[in-house]
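A.B. asks: Below you'll find the structure I mean.
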Amino acid sequence: MPLKEKFYVHSAHLYNRTSHPIDLKIHYCGENQHHEHEMIRMNKLEGNGGHYFAETRSYADAHTITDRHIYKIQVELIDGKSFEIKWPYQGLIEHHEKEWQFDVEEDGIKSINPRV
């Protein structure tokens, strides 16, 4: 039985398309969600196109340096509503995507191929 191919996002542009500030949590991990975990917090990302670049994060694993992948993004709106999007993301073409795009809208988080 062939192994299922995996597609990952290592870095991403996040845009706030709502009209108010939001709080972000970006969760990275290594081989799986329970290894080499790291979380980045961005509070009060401005509305109407506010931008945050979630850069590539790496970790040392025995004899190599490996890039973590973004496995979950959580957003909290000013009114207390919250959204999250988890890996695997729709639209991934490359096995190791860098500079992917996520748009936070009033009704959720969209995964967007920035090259189309």
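A.B. asks: What's the number of the condition residue 59 fails, among (1) open to solvent by 20 Å² or more (accessible area, probe 1.4 Å); (2) part of a strand (DSSP E or B); (3) free of Cβ contacts under 8 Å to residues at least 40 places away in the same chain; (4) not acidic (Asp, Glu)?
C.D. replies: Evaluating residue 59 over (1) open to solvent by 20 Å² or more (accessible area, probe 1.4 Å); (2) part of a strand (DSSP E or B); (3) free of Cβ contacts under 8 Å to residues at least 40 places away in the same chain; (4) not acidic (Asp, Glu) leaves (1) as the failure.
Rundown of residues vs (1) surrounded by 14 or more Cβ atoms within 10 Å (Cβ to Cβ); (2) modelled with pLDDT of 95 or more, yes/no style:
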| residue | (1), (2) |
| --- | --- |
| 18 | yes, yes |
| 25 | yes, yes |
| 48 | no, yes |
| 72 | yes, yes |
| 81 | no, no |
| 85 | yes, yes |
| 89 | yes, no |
| 104 | yes, yes |
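A.B. asks: In region 27-46, how many residues are assigned to a loop (DSSP other than H, G, I, E, B), surrounded by 12 or more Cβ atoms within 10 Å (Cβ to Cβ) and in contact with a Cys (Cβ under 8 Å, 6 or more places away or on another chain)?
C.D. replies: Within region 27-46, residues that are assigned to a loop (DSSP other than H, G, I, E, B), surrounded by 12 or more Cβ atoms within 10 Å (Cβ to Cβ) and in contact with a Cys (Cβ under 8 Å, 6 or more places away or on another chain) number 2.
A.B. asks: Next question, about the same structure. Pick from 65, 93: which is assigned to a loop (DSSP other than H, G, I, E, B), of a type in the set (Val, Ile, Thr) and open to solvent by 80 Å² or more (accessible area, probe 1.4 Å)?
C.D. replies: So the residue among 65, 93 that is assigned to a loop (DSSP other than H, G, I, E, B), of a type in the set (Val, Ile, Thr) and open to solvent by 80 Å² or more (accessible area, probe 1.4 Å) is 93.
The values are calculated or read from the model by the stated rules, or taken from the named source; none is laboratory data. Quantities reported herein were computed from a predicted structural model and do not represent experimental measurements. Note: ideal-geometry Cβ built from the backbone for every residue, glycine included; neighbour counts use all protein chains shown. Protein only, heavy atoms only, side chains kept; ligands, DNA and RNA dropped before computing areas. Shrake-Rupley method; radii C 1.70, N 1.55, O 1.52, S 1.80 Å.
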